[in-house]
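Asker: Got a structure for you, written out below as structure tokens; questions coming shortly.
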Amino acid sequence: AMAAGEGQQIQNAVFEAPVQPQGRTRLQSVLKTSDGKQSFEVYAAAEGEQAPWRRHFRCELAAASSPSSTVDLVSLKQQFSESIDPTEFYETLAGIGLNYGAAFRVIESLATSETGVLAQLQLRGDVRGYQLPPTLLDGALHSLAVGLLRDPDSDLFLPAGVGELNSSAALTDE
């Protein structure tokens with residue numbers, strides 16, 4: 001949803017259902033404009049003329065608001081006292097059936113506190129044309145599963161939505 005450009009914002013993103021292909025599956029991305037507002041939706045259907053389309057994701061798009069302040073990364077890092085080895089983290093995910101290939105293992109460092117998680121992500125592969133590459137967004141969502149390292153018997157959850165996501169500029173190669 002965030003193609004290359006300046007200042008994009010995703011609002012009210014809802015993951016309605018996972019895409020679970022059972023054979024060949026058609027995907028459709030729909031960008032709508034109505035009354036000056038944009039929305040983005042993703043649909044899937046099994047291959048075949050009579051197969052119904054099902055919406056899996058929806059969100060609203062807007063120009064990003066200007067950041068009110070810059071982030072003091074040094075101070076932020078001091079709030080997260082426990083470091084977690086990303087390799088161990090991905091091995092834990094693989095142990096419950098979530099196997100991510102090298103292109104999707106974008107977490108470079110991971111730290112936690114009682115109330116949050118801080119992940120440093122590394123771009124992988126060709127990301128031209130994206131302001132926020134899908135693999136980077138996916139990696140940010142991976143970090144939400146860090147609780148599995150604290151309590152291996154806890155239930156895995158999938159995020160159902162994102163209230164707001166801002167991107168102020170396109171990413172560079174660095």
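Asker: Assign unit charges at the C-beta atoms only (+1 for Lys and Arg, -1 for Asp and Glu), then state the dipole size of the range 1-147 relative to its Cα centre in Debye, rounded to the nearest 20.
Answerer: 500
Asker: Order of 108-117, 28-37 by packing, highest average Cβ count within 10 Å first? Can you show the working numbers first?
Answerer: Working: 108-117: 14.1, 28-37: 9.2.
In descending order of packing, they fall as 108-117, 28-37.
Asker: Now for a different question. Tell me, what ³J(HN,Hα) does each residue in the range 12-19 have, in order and in whole Hz, if you take phi through Karplus 6.51 cos²θ - 1.76 cosθ + 1.60 with θ = phi - 60° and put x for Gly and Pro?
Answerer: 3J(HN,Hα) across the range 12-19, in whole Hz: 6, 6, 10, 8, 6, 6, x, 7.
Asker: In a shell of Cβ-Cβ distance under 13 Å around Tyr43, excluding Tyr43 itself, what net charge do Lys and Arg (+1) and Asp and Glu (-1) give?
Answerer: Counting the neighbours of Tyr43, the net charge comes to +3.
Asker: Based on Cβ point charges of +1 for Lys and Arg and -1 for Asp and Glu, what charge dipole magnitude is obtained for the range 31-91 about its Cα centre, in debye rounded to the nearest 20? Could you put the intermediate results ahead of the total?
Answerer: Details: 6 positive and 10 negative charges, 90 e Å.
Roughly 440 debye for the range 31-91.
Asker: Show me, bin by bin at 5 Å from 0, the whole-percent P(r) of the range 17-129 based on Cα pairs.
Answerer: 2, 8, 11, 11, 14, 18, 16, 11, 6, 3, 1, 0
Asker: Which whole-number value in Å² is the accessible area per residue of the range 14-151, probe 1.4 Å?
Answerer: Working: 9160 Å² over 138 residues.
Heavy-atom accessible area per residue stands at 66 Å².
Asker: Using a 7 Å offset from the Cα along the Cα-to-Cβ direction at both Gln11 and Thr87, what is the distance between the two label points in nm, to one decimal?
Answerer: Taking the two extended label points, one gets 4.5 nm.
Asker: Compute from the Cα atoms of the range 101-140 the Rg and the Dmax, the latter being the longest Cα-Cα distance, and quote both in angstrom.
Answerer: When restricted to Cα atoms, the range 101-140 yields Rg and Dmax of 11.4, 37 Å.
Asker: Further question: Once phi is turned into ³J(HN,Hα) by the Karplus curve 6.51 cos²θ - 1.76 cosθ + 1.60 with θ = phi - 60°, what whole-Hz value does each residue of the range 103-113 show in order, with x for glycine and proline?
Answerer: Per-residue couplings from phi come out as 5, 9, 8, 9, 6, 8, 8, 9, 9, 10, 9 Hz.
Asker: From the backbone phi of the range 26-35, what are the Karplus-calculated ³J(HN,Hα) couplings (6.51 cos²θ - 1.76 cosθ + 1.60, θ = phi - 60°) in whole Hz, Gly and Pro given as x?
Answerer: 8, 10, 9, 9, 10, 10, 10, 10, 8, 6
The values are calculated or read from the model by the stated rules, or taken from the named source; none is laboratory data. These numbers were taken from a predicted model, which means no experiment stands behind them. A quick note on method: Cβ atoms are made from the backbone with ideal geometry, for glycine too, and the neighbour counts reach across all protein chains shown. SASA here: full protein model, heavy atoms, side chains in, ligands and nucleic acids out. Shrake-Rupley method; radii C 1.70, N 1.55, O 1.52, S 1.80 Å.
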